[in-house]
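Asks: Okay, here's the structure, questions in a sec.
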Amino acid sequence: MSKTGTGFELSSQSNIQRRNLLKLMGGGAALLAGGGLLSGRAFAQDKTVAFWGTATLDIGEKWQEFAKKNGVLPEFTDNGNDVGPVVARLAAGNANDLFDVGGFQGGAEGELARQGLIVPWDVSKIPNYESVWQWAKDIPYLKHDGKQFGIPTVVNADSIIYRPDKLGKVDSYGVIFDPKLKGRVAMEDAWINSAVFTAMYLKESQNAPIVEPGNLTESELGLVMEFLIKHKRDGQFRTFWNGWEQGVQLVANEEVDAMTGWEPIVYEGRKRGLQVEYASPVEGYEGWGNNTVLLKGAQDRGAADAAHEFVNGLLGGFYGCELGQSRGYLVPTDNNVAYATANPSEYPVEAVQKLGDHVKAKFGGKVYWQNCRPDNFQLYEEWWQRLRNA
Amino acid sequence: MKIFPAAPAALMSAPVLAIALLGIAPLVVVVAWSFWAWDPSTYWIKPELSFAGYAAILEAGRWTVILSTMFKAALTAIICLLIAYPTAYAVQFLASRRLAMIMLALMTIPFFTSYLIRSFSWRLVLGRTGVINTFLQDIGLTSAPIDWLLFSDFAVIVGLVASYLPFATFPLILSMQRVDPVLISAARDLGAGFWTVLRTVLLPLTRSGIFAGFLFVFVMAVGSSTEVQMLGGAGASIVSVMISDVMRVANFPLAFAISTVVLVVIFGLVLIGDRRLGLARLFEDRSQ
């Protein structure tokens, strides 16, 4: 899930341009060095890691500062976020030749590991891994055959955005399917989210025989999607929304009174003077994460150690503070607060602490994890098509 | 200046090569790969003859998306032509040169901004608290917002027409420029009224422009997705959205098969149009 745009500043620099620029700079510097114009000291920071991640993970110009602190300069390339093309490019394309570390939506790790496209991390080489919160370490999908294939890098949990002035207090996904709100609610235009939310509601509030909302069996999926199709046919949904600005507009222009979605939309709505709240549903939150994986190509090229240093840096505090400030996302470690405390002029400690506490509180209750690659993922698409056509 | 016989071929070779490499070759690859089998072990395709992609088009109502896309695109093209024809007529035959330039410039202004913004702005116009609903309620015509103005097929067609109208207008202007004004004057001198001139002179002579305008809009509407995703109802789909859904689960043969079906329809349309309506005439040398 690419959840960009929290109202904070976003990096507009093209990653491809940046990579090319770095290459050009590298080439130019090599020429100068070859000519004896630059001393060896100028290349003290000579380790790079090609990081192929969801755009959400990019901190733009701040990577230079990251490199100074951690001794590894990431060359970031946006992977487009859709796991289908990402997996295909790893399996049949040249992604493993180009990139060292992947930053992917959680769920595909097992499959990538089975195909030998990613290799396990050696957490003993990632000292900061110790600081990762236990519930984040327990995210399903991170391990395969007992080995650590994913390192949790960004986590959060989603639920319902709603208007208390219209609906009072909302504490259940039932509001999304309430016939009294026909045409006044919306969900996201993606099975990866909407199927999970619906499954959570059916499991927790309707006692439907669903074991794992993030990984539905064929019959569970049928149950969930038939339920959605019925409600769509009844005209329950105003629309299925896509992307940050569309989500904000639905709330800001009073198109809906409740919708499943991302918490930053609530903050944006409030900024625009609206009374909007984020529900803490009895059925729980939908947790999601972006996890970093070590691509096999990195190991083959002898870049695995640099990759470990890079990931250790991601968990070191600076990256967490920067990502929290620029995008409102959380790296699940106390190192963020430690870094902010040590560098109060860079990041306000209270804000860093508050973000961490807020997300932690969500994970204190029930959470079902979003899964970009459920076992029946092809069937999910087929059902989603049926829903579209219903 | 004497032109050697080999010169035209030499001049043509570069663009022909460019079209072959950049246009035709990828399409040939798409068509060929649509008959390959999906390989779950590599998440890619393997060179084994398979019709699974085409069979899957018949499942989950995908073929209805293709049909509804064609219908929406055709409707958009027809509405664009209905608006563009009088516009082109005014530009070519009624307006002064200066006014014609202003009209053409006005038509291109929406393109100064991105297609995303263009579509998004319609949400602000057609929404519950949008310009139209507010106006209708202010003047007392409605007591509550009209919901179907936004997130409906109506909104999608409005968005598509607004996006692609100039692509119908410009070929029509081009074809009207090729109409000899003497023919119109002669018809009028013989007593033909406006509608008779339109029916017997103008429409037959601008057939190729009408078809070119239709084709441009149709093709662009078939390939659009933003208008549907921004303005359509819950889960509204169009071919490009469906392909995107399918690519998300790495079902490449199906994505290629859907693309091939659309390609065949569009190429068929071009061939039929050229044969029956003389599309190529639009590009013929005037002096011939």
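The values are calculated or read from the model by the stated rules, or taken from the named source; none is laboratory data. What you are looking at is a predicted structure, and each value in this text was computed from that prediction instead of being measured. Please note: Cβ atoms are built from the backbone with ideal geometry, for glycine as well, and neighbour counts cover all protein chains shown.
Asks: How about the stretch A:366-390: which of its residues are at the interface with chain B (Cβ under 8 Å from one of its Cβ atoms) and either in contact (Cβ under 8 Å) with a residue 40 or more places away in the chain or in a loop (DSSP other than H, G, I, E, B) (or both)?
Replies: First, pick out the residues of the stretch A:366-390 that are at the interface with chain B (Cβ under 8 Å from one of its Cβ atoms): A:377-378, A:380-390.
Matches in the stretch A:366-390: A:Y380, A:E381, A:W383, A:W384, A:R386, A:L387, A:A390.
Asks: Quick one: in the stretch B:227-239, which of the residues that are within 18 Å of A:L387 (Cβ to Cβ) and either more than 9 Å from every other protein chain (Cβ to nearest Cβ) or without any contact (Cβ under 8 Å) to a residue 12 or more places away in the chain (or both) is surrounded by the most Cβ atoms within 10 Å (Cβ to Cβ)? Can you show your working first?
Replies: The first filter runs over the stretch B:227-239 and keeps only residues within 18 Å of A:L387 (Cβ to Cβ), leaving B:228-229, B:232-239.
Among the residues that remain, those that are also either more than 9 Å from every other protein chain (Cβ to nearest Cβ) or without any contact (Cβ under 8 Å) to a residue 12 or more places away in the chain (or both) are: B:228, B:235, B:238-239.
Working: B:V228: 24, B:G235: 22, B:I238: 27, B:V239: 24.
Ranking the qualifying residues of the stretch B:227-239, first place goes to B:I238.
Asks: Moving on. What about B:F120, is it within 23 Å of A:R388 (Cα to Cα), within 14 Å of chain A (Cβ to nearest Cβ) and touching a residue at least 24 places away in the same chain (Cβ under 8 Å)?
Replies: yes
Asks: Within the stretch A:310-346, count every residue that is assigned to a helix (DSSP H, G or I) and within 21 Å of the chain's Cα centre (by Cα). Show your work before the answer.
Replies: Filtering the stretch A:310-346 down to residues assigned to a helix (DSSP H, G or I) leaves A:310-314, A:318-327, A:335-342.
Narrowing further to those that are within 21 Å of the chain's Cα centre (by Cα): A:310-314, A:318-327, A:335-337.
Number of matching residues: 18.
Asks: Any idea which of (1) hydrophobic (A, V, I, L, M, F, W, C); (2) more than 20 Å from A:I118 (Cβ to Cβ); (3) without any contact (Cβ under 8 Å) to a residue 40 or more places away in the chain is the one A:F363 doesn't satisfy?
Replies: Looking at each condition in turn, A:F363 falls short on (3).
Asks: Could you check the stretch A:92-112 and list, in sequence order, the residues that are among the hydrophobic types (A, V, I, L, M, F, W, C) and surrounded by fewer than 21 Cβ atoms within 10 Å (Cβ to Cβ)?
Replies: Taking the stretch A:92-112 first, the residues among the hydrophobic types (A, V, I, L, M, F, W, C) are A:92, A:95, A:98-99, A:101, A:104, A:108, A:112.
Those that are among the hydrophobic types (A, V, I, L, M, F, W, C) and surrounded by fewer than 21 Cβ atoms within 10 Å (Cβ to Cβ): A:A92, A:L98.
Asks: Turning to a different aspect of this structure: Identify all residues within the stretch A:113-138 that are under 20 Å from the mean Cα position of the chain (by Cα), buried (at least 21 other Cβ atoms within 10 Å of the Cβ) and either of a type in the set (V, I, T) or assigned to a loop (DSSP other than H, G, I, E, B) (or both); write none if there are none.
Replies: A:I118, A:W121, A:V132, listed by residue number.
Asks: Within the stretch A:330-350, how many residues are touching a Ser or Thr at 6+ places or on another chain (Cβ under 9 Å) and surrounded by fewer than 23 Cβ atoms within 10 Å (Cβ to Cβ)? Outline the logic, then answer.
Replies: Residues of the stretch A:330-350 that are touching a Ser or Thr at 6+ places or on another chain (Cβ under 9 Å), as a first pass: A:331-335, A:338, A:349.
Okay, now just the ones that are also surrounded by fewer than 23 Cβ atoms within 10 Å (Cβ to Cβ), so A:334-335, A:338, A:349.
So the answer is 4.
Asks: With respect to B:F51, is the statement that it is without any contact (Cβ under 8 Å) to a residue 24 or more places away in the chain, away from every other protein chain (no Cβ under 13 Å), surrounded by 11 or more Cβ atoms within 10 Å (Cβ to Cβ) and closer than 30 Å to B:V156 by Cβ true?
Replies: On the way: without any contact (Cβ under 8 Å) to a residue 24 or more places away in the chain: yes; away from every other protein chain (no Cβ under 13 Å): yes; surrounded by 11 or more Cβ atoms within 10 Å (Cβ to Cβ): yes; closer than 30 Å to B:V156 by Cβ: no.
No: the conditions fail for B:F51.
Asks: Still on this structure, please answer the following. I'm trying to understand the selection: among the residues of the stretch A:347-365, which are at pLDDT below 95 and in a loop (DSSP other than H, G, I, E, B)?
Replies: Passing the criteria: A:G364, A:G365.
Asks: Give me the pairs, please: first residue somewhere in the stretch B:62-76 and more than 10 Å from chain A (Cβ to nearest Cβ), second residue anywhere and outside any helix (DSSP H, G or I) and surrounded by fewer than 17 Cβ atoms within 10 Å (Cβ to Cβ), beta-carbon distance under 9 Å, and either six or more positions apart or on two chains.
Replies: Qualifying pairs under 9 Å: B:A73/B:G223.
Asks: Restricting attention to the stretch A:204-219, which residues are out of contact with any helix residue (DSSP H, G or I) (no Cβ under 7 Å at 6 or more places or on another chain) and surrounded by 21 or more Cβ atoms within 10 Å (Cβ to Cβ)?
Replies: If the condition is that a residue be out of contact with any helix residue (DSSP H, G or I) (no Cβ under 7 Å at 6 or more places or on another chain) and surrounded by 21 or more Cβ atoms within 10 Å (Cβ to Cβ), then A:N215 is the only one that fits.
Asks: So for the stretch A:174-185 (the condition being within 14 Å of another protein chain (Cβ to nearest Cβ), within 19 Å of A:G107 (Cα to Cα) and crowded, with 18+ Cβ neighbours inside 10 Å), does at least one residue qualify? Break it down stepwise before answering.
Replies: Taking the stretch A:174-185 as the starting set, the residues that turn out to be within 14 Å of another protein chain (Cβ to nearest Cβ) are A:176-177, A:181-185.
Those still in the list that are within 19 Å of A:G107 (Cα to Cα) too: none.
No: zero hits.
Asks: Another question, then. Provide a single number: the residues in the stretch B:7-30 that are farther than 16 Å from B:F256 by Cβ and touching a helix residue (DSSP H, G or I) at 6+ places or on another chain (Cβ under 9 Å). Steps first, please.
Replies: Step one: filter the stretch B:7-30 for residues farther than 16 Å from B:F256 by Cβ, giving B:7-23.
From the residues that got through so far, the ones that are touching a helix residue (DSSP H, G or I) at 6+ places or on another chain (Cβ under 9 Å) too are none.
Final tally of qualifying residues: 0.
Asks: While we're on this one: Residue check, A:V248 against (1) surrounded by 22 or more Cβ atoms within 10 Å (Cβ to Cβ); (2) within 12 Å of another protein chain (Cβ to nearest Cβ); (3) touching a Lys or Arg at 6+ places or on another chain (Cβ under 6 Å), all met but one. Which one?
Replies: (3)
Every residue, every condition in (1) among the hydroxyl-bearing types (S, T, Y); (2) part of a loop (DSSP other than H, G, I, E, B); (3) modelled with pLDDT of 95 or more; (4) surrounded by fewer than 20 Cβ atoms within 10 Å (Cβ to Cβ), yes or no:
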site: A:Y201; (1), (2), (3), (4): yes, no, yes, no
site: A:G222; (1), (2), (3), (4): no, no, yes, yes
site: A:R238; (1), (2), (3), (4): no, no, yes, no
site: A:T260; (1), (2), (3), (4): yes, no, yes, no
site: A:G269; (1), (2), (3), (4): no, no, no, no
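Asks: Tell me the residue from A:N81, A:N70 that is out of contact with any Phe, Trp or Tyr (no Cβ under 6 Å at 6 or more places or on another chain), modelled with pLDDT under 90 and surrounded by 17 or more Cβ atoms within 10 Å (Cβ to Cβ), please.
Replies: Details: A:N70 fails: modelled with pLDDT under 90.
Only one candidate passes the filter, namely A:N81.
Asks: Can you tell which of B:S208, B:S114, B:S163 is of a type in the set (G, A, S), at pLDDT below 95 and surrounded by fewer than 18 Cβ atoms within 10 Å (Cβ to Cβ)?
Replies: Numbers: B:S208 fails: surrounded by fewer than 18 Cβ atoms within 10 Å (Cβ to Cβ); B:S163 fails: surrounded by fewer than 18 Cβ atoms within 10 Å (Cβ to Cβ).
Only one candidate passes the filter, namely B:S114.
Asks: On to the next question. B:V222: under 26 Å from A:F240 (Cα atoms), β-branched (V, I, T) and surrounded by fewer than 24 Cβ atoms within 10 Å (Cβ to Cβ), yes or no? Before you say what the answer is, go through the steps one by one.
Replies: Numbers: under 26 Å from A:F240 (Cα atoms): yes; β-branched (V, I, T): yes; surrounded by fewer than 24 Cβ atoms within 10 Å (Cβ to Cβ): yes.
Criteria met by B:V222.
Asks: I need a count of the residues in the stretch A:87-112 that are in a helix (DSSP H, G or I) and over 19 Å from A:L379 (Cα atoms).
Replies: If we filter the stretch A:87-112 for residues that are in a helix (DSSP H, G or I), which is where we start, we get A:87-91, A:95-98, A:109-112.
Cutting the leftovers down to over 19 Å from A:L379 (Cα atoms) gives us A:89-91, A:95-98, A:109, A:112.
Of the residues in the stretch A:87-112, 9 are in a helix (DSSP H, G or I) and over 19 Å from A:L379 (Cα atoms).
Asks: Here's another thing I want to ask about it. Go through A:S194, A:S159 for me and flag whichever is buried (at least 23 other Cβ atoms within 10 Å of the Cβ), within 28 Å of B:A236 (Cβ to Cβ) and within 14 Å of chain B (Cβ to nearest Cβ). Spell out how you get there, then give the answer.
Replies: On the way: A:S159 fails: within 14 Å of chain B (Cβ to nearest Cβ).
Exactly one residue qualifies, and that residue is A:S194.
Asks: Only one of A:K271, A:K296 is touching a Leu at 6+ places or on another chain (Cβ under 9 Å), among the charged types (D, E, K, R) and more than 24 Å from B:A234 (Cβ to Cβ). Can you tell me which? Give the steps one after another, and end with the answer.
Replies: Details: A:K271 fails: touching a Leu at 6+ places or on another chain (Cβ under 9 Å).
When all the criteria are applied, what remains is A:K296.
Asks: Would it be correct to say that A:Q353 is touching a helix residue (DSSP H, G or I) at 6+ places or on another chain (Cβ under 7 Å), without any contact (Cβ under 8 Å) to a residue 60 or more places away in the chain and either buried (at least 23 other Cβ atoms within 10 Å of the Cβ) or basic (K, R) (or both)?
Replies: In short, no.
Asks: Any residue at all in the stretch B:190-198 that is in contact (Cβ under 8 Å) with a residue 40 or more places away in the chain and buried (at least 17 other Cβ atoms within 10 Å of the Cβ)? Show your work before the answer.
Replies: From the stretch B:190-198, those in contact (Cβ under 8 Å) with a residue 40 or more places away in the chain are none; that's our starting set.
No, the stretch B:190-198 has no match at all.
Asks: Could you check, for the stretch A:258-271, whether at least one of its residues is over 13 Å from A:I161 (Cα atoms) and either more than 12 Å from every other protein chain (Cβ to nearest Cβ) or basic (K, R) (or both)?
Replies: Residues of the stretch A:258-271 that are over 13 Å from A:I161 (Cα atoms), as a first pass: A:271.
Next cut, either more than 12 Å from every other protein chain (Cβ to nearest Cβ) or basic (K, R) (or both) only: A:271.
Yes - at least one qualifying residue is present in the stretch A:258-271.
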